[in-house]
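Below is one structure; the comments refer to it alone.
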Amino acid sequence: MNIKDKLHNGSLYLPGDEQLGKEQTICLERLYDFNMTRPLEFEKRVALLQDMFAEIGEGCYIEPPFHSNWGGKHVHFGSNIYANFNLTLVDDTHIHVGDYTMFGPNVTVATAGHPILPELREQVYQFNAPVYIGRNCWIGAGAIILPGISIGENSVIGAGSVVTKDIPANVVAVGNPCIVLREINERDKMYYFKDRRIINALFQGSQD
């Protein structure tokens, strides 16, 4: 089994393979170029992301600075995804994100881990597990999503949450560790924030 296979099948492996390091450095060069773009260089940013990512759909926007172990090489974005500044994707293996998902600032999605056993960590052993984030999710500011996690479509992860277990679809989940607070419900069709009514905001420009 070669080192590239071990990146993606959950095996323990030792980083440091020379050829792998060269490939990763090329990816990081493109990431550097992306982060050095000016705000008006929108088309250049789009072209760079298309080159950097494994897959990326139309209408995606990532606010620099963007951080990624492989510069997005193992990241699969759908369409119309938005990420605020300081998105960190530890993409040592695959990260899948569905259409219309939004990331607040300072979100981390990690696929890489290290063994608990100290003797193995001394040797810098690593393993990777993919992350799946469904369609139309909202990942709040400062949230951390750990290796191997799946988040169902339409779900909201509260700011500052640490997601250590899978989260189902159509829920609001918060905390450290992140737990389901409630399902998305009928009240959410009427109010967008506390007692502020959606219909007033959209059609009258005011709240009750």
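How far, in nm, would the chain grow between Lys189 and Asn35 when pulled straight, counting 0.36 nm per residue and subtracting the alpha carbon separation? Working shown, then result.
On the way: separation 154, 0.36 × 154 = 55.44 nm, distance 3.78 nm.
Here the segment from Lys189 to Asn35 would lengthen by 51.7 nm.
Out of the total accessible area of the chain (probe 1.4 Å, heavy atoms of protein only), what percent is carbon and sulfur? Mind dumping the intermediate values first?
Numbers: 6350 of 11590 Å².
The C+S portion of the solvent-accessible surface of the chain is 55 percent.
For the peptides 177-186, 109-118, residues were scored by their other Cβ atoms within 10 Å and the scores averaged per peptide; the highest-first order is 109-118, 177-186. The angle between the Cα long axis of helix 42-52 and the main principal axis of the chain comes to about 50°, on a 0 to 90 degree scale. Spin-label model, Thr164/Asp5: points 7 Å from Cα along the beta carbon direction are separated by 3.4 nm. Per-residue Karplus couplings for segment 111-117, computed as 6.51 cos²θ - 1.76 cosθ + 1.60 with θ equal to phi - 60°, are listed in order as 10, 9, x, 10, x, 5, 4 Hz, Gly and Pro entered as x. Taking amide hydrogens as placed 1.01 Å from N in the peptide plane, the amide H of Val156 sits under 5 Å from those of Trp138, Val171, Val172, Ala173, each at least 5 positions away in sequence or on another chain. Segment 116-141 and segment 21-65 have their alpha-carbon centroids 22 Å apart. Heavy-atom accessible surface of segment 1-156, averaged per residue, reaches 50 Å², computed with a 1.4 Å probe.
Given the -39500 (n - 2.57) contribution per DSSP H run of 4+ residues, what per-residue ellipticity at 222 nm results for the chain, rounded to the nearest 500 deg cm²/dmol? Can you show the working numbers first?
Working: 5 runs with 46 residues, N = 208.
So the helix-based figure for the chain works out to -6500 deg cm²/dmol.
Under 13 Å from the Cβ of Ala110, count the other residues' Cβ atoms, weight Lys and Arg +1, Asp and Glu -1, and hand me the total. Within the 13 Å Cβ shell, the charges total -2.
Quick check: residue separation of Ile116 and Tyr82 times 0.36 nm, minus the Cα distance between them. What number comes out in nm? Mind dumping the intermediate values first?
Values: separation 34, 0.36 × 34 = 12.24 nm, distance 3.43 nm.
Residue separation times 0.36 nm, minus the Cα-Cα distance, leaves 8.8 nm.
Give me the number: length gained by fully extending Leu12 to Ile199, i.e. 0.36 nm times residue separation minus the C-alpha to C-alpha distance, one decimal in nm.
62.0 nm
A simple rule links phi to the HN-Hα coupling: the Karplus curve 6.51 cos²θ - 1.76 cosθ + 1.60 with θ = phi - 60°, which for segment 23-38 gives 5, 5, 5, 4, 4, 5, 5, 5, 4, 4, 4, 4, 5, 8, 5, 8 Hz, with x for Gly and Pro. Couplings 3J(HN,Hα) of segment 134-143, computed from phi: x, 5, 6, 8, 10, 9, x, 3, x, 5 Hz, in residue order, whole Hz [Karplus 6.51 cos²θ - 1.76 cosθ + 1.60, θ = phi - 60°; x for Gly and Pro]. Note on Lys22: lysines with a C-alpha under 16 Å away, same-chain residues under 8 apart excluded, are Lys4, Lys73.
What are the semi-axes of the equivalent ellipsoid of the chain, taken as the square roots of 5 times the eigenvalues of the Cα gyration tensor, listed largest first and rounded to whole Å?
Numbers: eigenvalues 220, 100, 33 Å².
That gives 33, 22, 13 Å for the three semi-axes.
The values are calculated or read from the model by the stated rules, or taken from the named source; none is laboratory data. All of these numbers come straight from a predicted model, not from anything done at the bench. So basically every Cβ, Gly included, is an ideal-geometry build from the backbone, and we count neighbours across all protein chains shown. Note: areas computed on protein heavy atoms with side chains; ligands, DNA, RNA excluded. Shrake-Rupley method; radii C 1.70, N 1.55, O 1.52, S 1.80 Å.
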